[in-house]
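See structure below.
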Amino acid sequence: MRLRPSLHDWRAATLFVAAMLVAVTFADPKLPLPVRVYRYVFVIDITQSMNVRDYHVEDMPAERLEFVRESVRRAVHDLPCGSEVGLGLFTTRSVQLLFEPIEVCEHLPVIDDVLAHIDWRMAWAANSFIAQGVYAAIRDIRNRDPGIRLAFFTDGQEAPPQTVRPMFTGKPGEVSGLIVGVGGPHPTTVPKYDRENHLIGYWENTDIAEMPESSTAYESADSPPGLPRAGYYLSWRDENHLRDLSATTGLGYHRLESPEGLMKALLSPEHAERRTIKLDIRWLLGLTALLLLALVYLMESDKSSERT
């Protein structure tokens, strides 16, 4: 004689399995899986031209630096677990790394907090030599780990305008990534703030010193730029310069117009790596336990309906 398990038996077994699944979640279970991940160092220009307010995107800041911070924040949140992100700052001709690439899901609050506190007042010098900054970032990544991608955010404007062009001594394409052009295409005045971040006026051409240096590390510019003797100093996204740097270094170029566009560029397959990482599966176990409990509830409801 074959006995059919009773409803009580099914209920007890289902509750037991759900309890075991919940218990396992406390052991922090992880499952190794091959996934596509990304490793980036985001370098952000914090020179004062990045204070220009020339973005007009709904639900986004108007100021260049704030627009970059929010775009990067959203990008980090959308990167798949196992991806790694480092943050660095650019001013004058050098790059300062705030922290090396760390895993995004585990360290998301830390990354968010650092991004929220990036400010133009962290700059250690006022000048902006973009080409030298890009070259410095490439050298730094090459020396650390050439597999890391670079995303360099800048409006591309040299201040003061360079009368010489720095030579790139690296190998084009040895470090992959993007130069991200920031700001609008139209000349706009640059706000001048005091150290308490109060607006005290706008930068003028007479405030910008001419660049005197020249050495064998430089080559002459095709047509040395100059500034007018009077009037406001104007800033815009110098896309021609940034595209030249892209061609010289082998980095890609992306014009920053929206967080969604940036994310699409960052997630390009050419910047991805295939890695086997241990993924947290507690959410899956917890969800399965919840579904089993719901099943028990439905079984009880059906039983009550049959009695009535």
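Nearest 10 degrees, 0 to 90: what angle lies between the long axis of helix 239-249 and the longest principal axis of the chain (Cα atoms)? Orientation of helix 239-249: about 70 degrees from the principal axis. Structural size metrics of the chain, computed from C-alpha coordinates, are Rg and Dmax of 27.0, 105 Å.
Using a Gaussian network model of the chain in which every pair of alpha carbons under 10 angstrom is joined by a spring, one finds that among Glu103, Glu270, Glu70 the greatest mean-square fluctuation is at Glu270.
Taking packing as the residue-averaged number of other Cβ atoms within 10 angstrom, the listed peptides 157-164, 140-147 run from highest to lowest as 157-164, 140-147. For the residues Glu66, Glu106, Glu239, a GNM of the chain with alpha-carbon springs under 10 Å puts the largest fluctuation on Glu106. Pairwise Cα distances in region 1-147 exceed 28 Å in 41 percent of cases. Report the percentage of all Cα-Cα pairs in region 85-164 whose separation exceeds 21 Å, rounded to a whole percent. For region 85-164, the share of Cα pairs beyond 21 Å comes to 34 percent.
Bear in mind these aren't lab numbers, they're just calculated from the coordinates by the rules spelled out. Quick caveat, the model's predicted, so the values are computed rather than measured. We place every Cβ from the backbone using ideal geometry, glycine too, and count neighbours over all the protein chains shown.
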